[in-house]
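Asker: What follows is a single structure, and I will ask about it in a moment.
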Amino acid sequence: MFKSLKGYLLAALAAAAYGTNPAFAVPLYDEGMNPNTVLLFRYLLGVPLLAFLMALRHIPFGIPRKAVGQTVILGILMALSSLTLFESYNYMNSGIASTLLFVYPVMVAIIMMFFFKEKNGPSIYICLVIMFVGLFLLVKPTGGITLSPLGCVLVMVSALTYALYIVFVNVSKRIKSIPTTKLLFYVLIWGSLLFFANIGFGNPVTWPRQGHEWFNLLALAIIPTLLSLACTTAAIQLIGSTPTAILGSLEPVSAVLLSVFFLHQPISTIEIIGGCLIVIATLVVINDKRIDKTILSVRKMFPRHHL
């Protein structure tokens, strides 16, 4: 009983920690820093912290040569996901952006279904309907104001690249053999190289000038990155992956709450309903087996009669 309670608390903490991204990133934008620089510092600060954790846990740094190329691909996917999400904060409410991002589990299910022949029941179609209704409400104009189409596209690209990252990790036997901390260590290294390369495309480095800016950068490296990862791993070991993923729905909730109460960003009732529908759609796809079993039981209660 205690282990289960501890697992649920860790899963909730992991989700809430990841939802703090906009709370630390948006104030840095207000200080004149661009998304590419914020992420570059976030990744670079996270690398030595992960190295310290690996040394503390006596995890060797070496990886098989055949796995190097795959870690590079994962690093690029993660960096693209981070960059497009952080860029979207410049065009739309960061809480809504984080909520829209949470369609990635649905994308994972679709990719697995069409490209890896994973069978899905009726719940996936119910989920897609709910998701699209939620997205429609989020982009529906309210009070003469609508969400930025470019911002929505950026978030969808972020969700897609993150979904591809998850699928890659799930289907690659070589990646599965690498400890999570070590994998993230290399993902951050390769991802930071992408941000370095992006400097030459009109994204100059904007150095933090005050102590609170360094605090926000360090907080980004620790809370939504290292803390979230550590709590997620521990929660999976205690309660399993499905309950941990279900509590992941707190990610957009925490992001929205932080955006409203700390960043003072406005949010309408329609946007709240749309965001809730997206969370519900995600919960449906995560609990697809139970829902499909329930639907099958209901069908058996009402058999078709031939006339």
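The values are calculated or read from the model by the stated rules, or taken from the named source; none is laboratory data. If you're wondering where the values come from, they're calculated on a predicted model, not measured in any experiment. Heads up, the Cβs are rebuilt from the backbone with ideal geometry, glycines too, and the neighbour counts pull from every protein chain shown. Side chains are part of the model used for accessible areas, which takes the heavy atoms of the whole protein and leaves out ligands, DNA and RNA. Shrake-Rupley method; radii C 1.70, N 1.55, O 1.52, S 1.80 Å.
Asker: Would you please classify the overall shape of the range 1-133 from the alpha carbon gyration tensor, given that a ≥ b ≥ c denote the square roots of the eigenvalues, rounded means a/c under 1.5, and beyond that prolate means a/b larger than b/c while oblate covers the rest?
Answerer: It comes out rounded by the Cα gyration axes.
Asker: Here's a follow-up. Between rounded, prolate and oblate, where does the range 45-119 land on the alpha carbon gyration tensor, with a ≥ b ≥ c its root eigenvalues, rounded for a/c under 1.5, else prolate if a/b exceeds b/c?
Answerer: oblate
Asker: List the pair-distance distribution P(r) of the range 2-67, using every Cα-Cα distance, as the percent of pairs falling in each 10 Å bin from 0 up to the bin containing the longest distance, rounded to whole percents.
Answerer: Here the calculated profile for the range 2-67 is 16, 26, 34, 21, 2.
Asker: Further, regarding this structure: For the range 87-133, what is the convex hull (Cα atoms) projected area averaged across all directions, in square nanometres?
Answerer: Computing the convex hull of the Cα atoms and averaging its projections yields 4.0 nm².
Asker: Sticking with this structure for a sec: Can you give the direction-averaged projected area of the convex hull of the alpha-carbon atoms in the range 144-208, in nm²?
Answerer: Dividing the Cα hull surface by four gives the mean projection, 7.3 nm².
Asker: Leaving ligands and nucleic acids out of the surface, order Glu31, Glu213 by accessible area at 1.4 Å, largest first.
Answerer: Final ranking, largest accessible area leading: Glu31, Glu213.
Asker: May I pose another question? On a 18 Å Cα-Cα criterion, which of the cross-link pairs Lys119/Lys289; Lys66/Lys176; Lys119/Lys173; Lys117/Lys289; Lys119/Lys293; Lys66/Lys173 come out too long?
Answerer: Result: Lys119/Lys173 exceed 18 Å.
Asker: What distance in nm separates the simple spin-label points at Ile270 and Phe196, each placed 7 Å from Cα in the Cβ direction?
Answerer: In this crude label model, Ile270 to Phe196 measures out at 4.7 nm.
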